[in-house]
Every structure is written in structure tokens, then in C-alpha cells.
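Scroll down for the structure; my scribbles are underneath it.
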Amino acid sequence: MKLFRPLLFFILLTTAADASTIGYGPAARLMSRCEAVLHQEKCRLGLEDALTDPEKTGLIGVEFSPLTTSQGHLPDKQASARPAMADVVAEYLRRAGVGEGDWVAMNASASFPGFILASLCAVESMGAKAQVVFSYGASMYGGTDPEFTFPVMLDLLNREGLLSTRLAAVAPGGAGDRMAETLLEDPRPTVDLLLASRSEERIDAPTVAEAIRRRLEIFDDTPQPLKCFISCGGPIVALGTTEAVLELPHGLITRFEPIPKDPERGLLFDFLDREIPVLHLLFVRGICDDFGIPYESGAGR
């Protein structure tokens, strides 16, 4: 397949002045409070691992579980879980034109609980609202603890009064958005139990195109038009199946050409085709470099 050669217009990046405030804003402070609660609960459950989560975020999962769908890099998961990431997302959202009372759509795989929490803290600290669809499949060290998945974390943070966002729907995730491939045992018994335990709508579509279509319907079911789309991690429903995704930059993207026409092109391209800005939260090191956030564990907390 021939690679797409895009023309990128107006990709908004950070400046040194912006970077000087990252980590000290209301979004970062909220994320820090949330992490303290999550870490305490993880310790209570006997799931805390000081070696993989030295910064006590409560957001780092085990390497292997029935929810582990692919390889993952531990430093990526640790860096994405730093509270400063919430200020980064807030800055991206401001540059995308999001303000108080606005609605954003958010598709989140379990691969990066840090990015999910950072996004929710950013949205809520700005007075905005999020329509969120979550999927359980995760790469190594992501949301891989079946006993403490991100929906359970969010329930806890809601009860504690730290966040108010609720999930709109949950899905299996992973290959084909159906957990068709994993690194260990058959994941479906575990995933089916997790899905059955939730009250949110369950998306379990037979094809990737259908899984994308249903998400778009859910995202469009908001009181106001969406101002931005946030993609956390790299699920197939967000990235699609075309090679155009290889040309996407990280962070905030406001325009991209050429946009593929394939029905499985992915949510990122669907929203760009609508001229709605997207946040592509996957390349952790690049985001850290842009905003001056230390990438290595143990620094900058």
C-alpha cells in the first residue's frame, strides 16, 4: 500500500513560556489529589508495586494479565501518569478552543490510565464536559489489573467527590475491538465479567467499522456540538487500519491531508474530516519533550 503524504496545517505546539507553568496548574493539582486516593486504594487491595510505580500514582498495572493485549514500555506508562500531564492536556484543549461549558469526546483504551486521568482532570478543571467511551484491552503496565480497572478507579473518584465524569459506554477493546488477540490466556471470560459488572452501554460490535460507527453515535449524543476529540492510547477504533496513521503527529492536530476514505479509517480521521481538533495522546516521549516534562521515572514529581 502506498504511504499517504500529508500536508499538515497549523499544528499547534508548545512554547517555553507555556512549559514554565506546566505542573503547577489546577488540572495538575486535581490529578495529584486523585492519584493519592487511587494509590491508597491500590495499597488496600494489595496490588501496589513500588518497583513499577515509584511515584505512587496508583495507575501502573501489571505486566501480564488476561487484559494485556500487546507490548508496552513501562517508562511511557510512568511518564503519562505524572500530574503535569493534566496541565499539558488543559493547554492543548485551550489551544483547541475549548472553554467552560464546552463538550469534548474522548475514546480511551486501558493502555494509558495516566492519559485518561490527565484528560478528565483537565476537562473538569476547565469547567468543560466529556463524553467518554472506554475499552478494557491494554498494553503492558497499563490498566491491566482486573481487580482495579479504570472504570472502578473512576467510580472511586466520583464517590470521593474529586471527579464527576461518568463513562458513556464500555467495550472489550484490543484486536478488532473484540479482544481477538492477547499475549496470554483467552481474555473473554475476564472481559465479559467486567463488562457485565457495569451499568454503562456495552459496545461489542462484529466489525471495526461498526464499533467506530456506534462510538460516533454516542459522541454525537451531547447537548452541544463537540469542540474537540481526545484519543488516549492506540486502539484500532481510534487509529484505524490505513497507513495514514503513520503520518499523524502527536499532541494537538487541527488539520490533516489527505484524509483516508476507508470506513475503518479510525475516529481520529473521522473528527479531522469534520474539522474538529483532535488530541492524539500516544507518543509519550514526544509530549514530554514538547513541554519540558522529565521522561525518566522518579524525576519531576
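Structure data summary
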read-out	value
Test: residue in segment 225-237 that is outside any helix (DSSP H, G or I), modelled with pLDDT of 95 or more and among the small types (Gly, Ala, Ser)	yes
Candidate set: segment 175-195, residues that are out of contact with any strand residue (DSSP E or B) (no Cβ under 8 Å at 6 or more places or on another chain) and outside any helix (DSSP H, G or I); chosen: the one least open to solvent (accessible area, probe 1.4 Å)	Ala180
Strands (runs of 3 or more DSSP E) wholly inside segment 49-144 containing at least 2 residues that are among the β-branched types (Val, Ile, Thr)	68-70, 129-135
Test: residue in segment 149-165 that is touching a Pro at 6+ places or on another chain (Cβ under 9 Å) and either more than 24 Å from Met31 (Cβ to Cβ) or open to solvent by 10 Å² or more (accessible area, probe 1.4 Å) (or both)	no
In segment 196-218, the residues that are basic (Lys, Arg) and assigned to a loop (DSSP other than H, G, I, E, B)	Arg198
Residue pairs meeting the criteria (Cβ under 7 Å; at least 6 apart or on separate chains; first in contact (Cβ under 8 Å) with a residue 60 or more places away in the chain and more than 15 Å from Phe112 (Cα to Cα), in segment 145-160; second among the charged types (D, E, K, R) and outside any loop (DSSP other than H, G, I, E, B))	Leu156/Glu41
The one condition in (1) at pLDDT 95 or above; (2) out of contact with any Asp or Glu (no Cβ under 8 Å at 6 or more places or on another chain); (3) open to solvent by 10 Å² or more (accessible area, probe 1.4 Å); (4) of a type outside the set (Gly, Ala, Ser) that Gln71 fails to fulfil	(1)
Cβ-Cβ under 7 Å pairs, at least 6 apart or on other chains, segment 78-94 side without any contact (Cβ under 8 Å) to a residue 60 or more places away in the chain, far side among the polar types (S, T, N, Q) and open to solvent by less than 10 Å² (accessible area, probe 1.4 Å)	Ala81/Thr57
Unique match (being surrounded by fewer than 24 Cβ atoms within 10 Å (Cβ to Cβ) and farther than 11 Å from Leu59 by Cβ) among Ala122, Ala128, Ala138	Ala128
Flag for Asp221 being at pLDDT 95 or above, over 19 Å from the mean Cα position of the chain (by Cα), open to solvent by 70 Å² or more (accessible area, probe 1.4 Å) and of a type in the set (Asp, Glu)	yes
Selection status of Ala168, closer than 25 Å to Lys77 by Cβ, more than 18 Å from the chain's Cα centre (by Cα) and open to solvent by 10 Å² or more (accessible area, probe 1.4 Å)	no
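The values are calculated or read from the model by the stated rules, or taken from the named source; none is laboratory data. The structure presented is a predicted model; accordingly, all values stated were derived computationally and were not measured. Glycine also receives a Cβ, built like all others from the backbone with ideal geometry; neighbour counts cover every protein chain displayed. Each accessible area value is taken on the protein alone, full model and side chains, heavy atoms only, with ligands, DNA and RNA left out. Shrake-Rupley method; radii C 1.70, N 1.55, O 1.52, S 1.80 Å.
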